[in-house]
1. Do we find that GLY200 is small (Gly, Ala, Ser) and modelled with pLDDT under 95 in this structure?
2. Would you mention how many residues in the range 135-144 are part of a helix (DSSP H, G or I) and either without any contact (Cβ under 8 Å) to a residue 40 or more places away in the chain or more than 20 Å from THR178 (Cβ to Cβ) (or both)?
3. For the range 124-134, give me each residue that is surrounded by fewer than 21 Cβ atoms within 10 Å (Cβ to Cβ) and assigned to a loop (DSSP other than H, G, I, E, B).
4. Taking interchain pairs and intrachain pairs at least six residues apart, which have beta carbon atoms under 7 angstrom, with the first residue in the range 187-202 and among the small types (Gly, Ala, Ser) and the second part of a helix (DSSP H, G or I) and open to solvent by less than 20 Å² (accessible area, probe 1.4 Å)?
5. Determine whether ASP59 is within 21 Å of ILE209 (Cα to Cα), without any contact (Cβ under 8 Å) to a residue 40 or more places away in the chain and either open to solvent by 20 Å² or more (accessible area, probe 1.4 Å) or out of contact with any Lys or Arg (no Cβ under 6 Å at 6 or more places or on another chain) (or both).
6. Please tell me if VAL30 is at pLDDT below 95 and over 23 Å from TYR167 (Cβ atoms).
7. When you check GLU121 against the structure, is it among the acidic types (Asp, Glu), modelled with pLDDT of 95 or more, at positive phi and open to solvent by 60 Å² or more (accessible area, probe 1.4 Å), yes or no?
8. Assess whether ALA23 counts as being open to solvent by 30 Å² or more (accessible area, probe 1.4 Å), of a type in the set (A, V, I, L, M), more than 15 Å from GLY231 (Cα to Cα) and touching a Pro at 6+ places or on another chain (Cβ under 7 Å).
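The values are calculated or read from the model by the stated rules, or taken from the named source; none is laboratory data. Please read these numbers as outputs of a predicted model, since none were measured by experiment. Glycine gets a Cβ as well: all are built from the backbone with ideal geometry, and neighbour counts include every protein chain shown. These area figures cover heavy atoms from the full protein model, side chains too; ligands, DNA and RNA do not enter into them. Shrake-Rupley method; radii C 1.70, N 1.55, O 1.52, S 1.80 Å.
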Amino acid sequence: MMKRRPIIAGNWKMYKTKDDALAFIYAVNVAVPDKEDVESVICAPAIFLRDLVKREGEDLRIGAQTMHELDEGAYTGEISAGMLKTYGVEYVVIGHSERRAYYNETDESVNKKVIQAVVNELTPILCVGESLEIREAGTTDEVVKAQVVKAYKDVSKEQALKTVVAYEPIWAIGTGRTATPDQANDTIKAIRNVLKELFGPEVSESIRILYGGSVKPNNVDELLAKSDIDGALVGGASLDPESFLTLVKAASKKQ
């Protein structure tokens, strides 16, 4: 199996003031591991992005939490991929379950955003995952497969290589419940098999797939020890500098 560089992406959601955000960046810049060992990413509210990009250290990168699916237009309050690119943002979270649930994002709009991201040289962190009802019904693999297939519609092999997938079981986000390492790894293996069907083994073995859902310093080692988990998309545990550093240092040892 080829080595994939792990990623820890913190998703701040709608937390922190500007002062909080800057204090965080100053605290972690000096302590994050080498970017050759782990990609350390903070996905911040749009209003902070420029301030953070200007202050990111050599081994820290900044991402957005969402973006619009079109280049431009009369879409009040929205932000395009091109705008993010000109600000120096390098990553963007796409299709997070909260965006799907609260802001009517669909598999079709997620697909358009993935394409927009790669065309604009942003790395999309594509989120997929199932509800508790689907997990209990035993249809997780089928539902997640459908999400992945639709998200990669009209995406080329070359573009697919520039993407990251985050498997986030909806029932484990912000609930304190975590999929067991075996559950997470089995579903991520299933995602990798879908990518193999779509793009072939070389691409599927190259794409990083993260786990997200109540990842914390006390469970990250066990999750990262699994064969197909290449890092984590982290919510609450990414808000504290010390906690975030614990996660990225754990991931830096995976290679």
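1. Against the criterion (small (Gly, Ala, Ser) and modelled with pLDDT under 95), GLY200 does not qualify.
2. Total meeting the criteria: 5.
3. Going residue by residue through the range 124-134, those that are surrounded by fewer than 21 Cβ atoms within 10 Å (Cβ to Cβ) are 131-134.
Once the filter is applied, which keeps residues that are surrounded by fewer than 21 Cβ atoms within 10 Å (Cβ to Cβ) and assigned to a loop (DSSP other than H, G, I, E, B), the range 124-134 yields only SER131.
4. Short answer, once both residue conditions are applied: ALA190/VAL144.
5. In short, yes.
6. On the way: at pLDDT below 95: yes; over 23 Å from TYR167 (Cβ atoms): yes.
So VAL30 passes the test.
7. Judged against the criteria, GLU121 is a match.
8. In short, no.
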